[in-house]
Amino acid sequence: MRLAEGIRRHGFRKWYERELLQSHAHLALTFLCMIGIVAGFEAMTRGTAWAERLTDLALVLLCAAVGLWALRRYLFLLNHAEAAAHQADCPQCKTYGRLELLQSDASGNEVQVRCRHCGHVWQISA
């Protein structure tokens, strides 16, 4: 979810929590794909027919592709959330995450926010 849309819908803290949960779900998928790869290699050594071995090889390749995609997505979402979180401290009063969205650019990844505590305005880019 884009930063501006997430802040508008849920507030910064809930957006941040959802981004972390989504990224860690991708990490769990990566782990499951690793188990699938190991199981596919194990099955390949026990299969006798070429058709079984090709099926097992297809399983290994599919798990590897999905695992790489999930790992990349995990790293992207985690870095995206952390980059925004490091900018969520009000420069004036040091209050964390109590933001009000004022405006955003067309992509929704660069937003102008105001601190709900002191009213200071600054930019956050994710």
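The values are calculated or read from the model by the stated rules, or taken from the named source; none is laboratory data. Since we're looking at a predicted model, the values are computed, not measured. In this analysis, Cβ positions are derived from the backbone assuming ideal geometry, glycine residues included, and neighbour counts consider all displayed protein chains.
Scanning the range 14-37 for residues that are assigned to a helix (DSSP H, G or I), surrounded by 14 or more Cβ atoms within 10 Å (Cβ to Cβ), among the aromatic types (Phe, Trp, Tyr) and in contact with a His (Cβ under 8 Å, 6 or more places away or on another chain) turns up nothing.
Criterion first (in contact with a strand residue (DSSP E or B) (Cβ under 8 Å, 6 or more places away or on another chain), under 21 Å from residue 115 (Cα atoms), surrounded by 17 or more Cβ atoms within 10 Å (Cβ to Cβ) and of a type outside the set (A, V, I, L, M)) does residue 11 satisfy it? In short, yes. For the subset of the range 44-99 comprising residues that are assigned to a helix (DSSP H, G or I) and among the aromatic types (Phe, Trp, Tyr), which member is nearest to residue 117 (Cα to Cα)? Filtering the range 44-99 for residues that are assigned to a helix (DSSP H, G or I) and among the aromatic types (Phe, Trp, Tyr), the one nearest to residue 117 (Cα to Cα) comes out as 76. Checked against (1) surrounded by fewer than 17 Cβ atoms within 10 Å (Cβ to Cβ); (2) within 19 Å of residue 123 (Cα to Cα), residue 68 passes all but condition (2). Test residue 53 against the stated conditions and say whether it is within 30 Å of residue 121 (Cβ to Cβ), modelled with pLDDT under 95 and surrounded by 13 or more Cβ atoms within 10 Å (Cβ to Cβ). Judged against the criteria, residue 53 is not a match.
Given the structure, is residue 41 of a type in the set (Phe, Trp, Tyr), part of a helix (DSSP H, G or I) and closer than 24 Å to residue 123 by Cα? So residue 41 fails the test. Filtered by the rule that a residue be closer than 20 Å to residue 116 by Cβ and touching a residue at least 24 places away in the same chain (Cβ under 8 Å), the range 16-28 gives a lone residue, 16. Hey, any hits in the range 102-109 for a residue that's within 21 Å of residue 14 (Cα to Cα), without any contact (Cβ under 8 Å) to a residue 12 or more places away in the chain and either under 18 Å from the mean Cα position of the chain (by Cα) or surrounded by 15 or more Cβ atoms within 10 Å (Cβ to Cβ) (or both)? No, that holds for no residue.
Out of 12, 31, 41, which single residue is modelled with pLDDT under 95 and either over 30 Å from residue 95 (Cβ atoms) or touching a Cys at 6+ places or on another chain (Cβ under 8 Å) (or both)? Spell out the reasoning first.
Details: 12 fails: either over 30 Å from residue 95 (Cβ atoms) or touching a Cys at 6+ places or on another chain (Cβ under 8 Å) (or both); 31 fails: modelled with pLDDT under 95.
Just a single option satisfies the conditions, and that option is 41.
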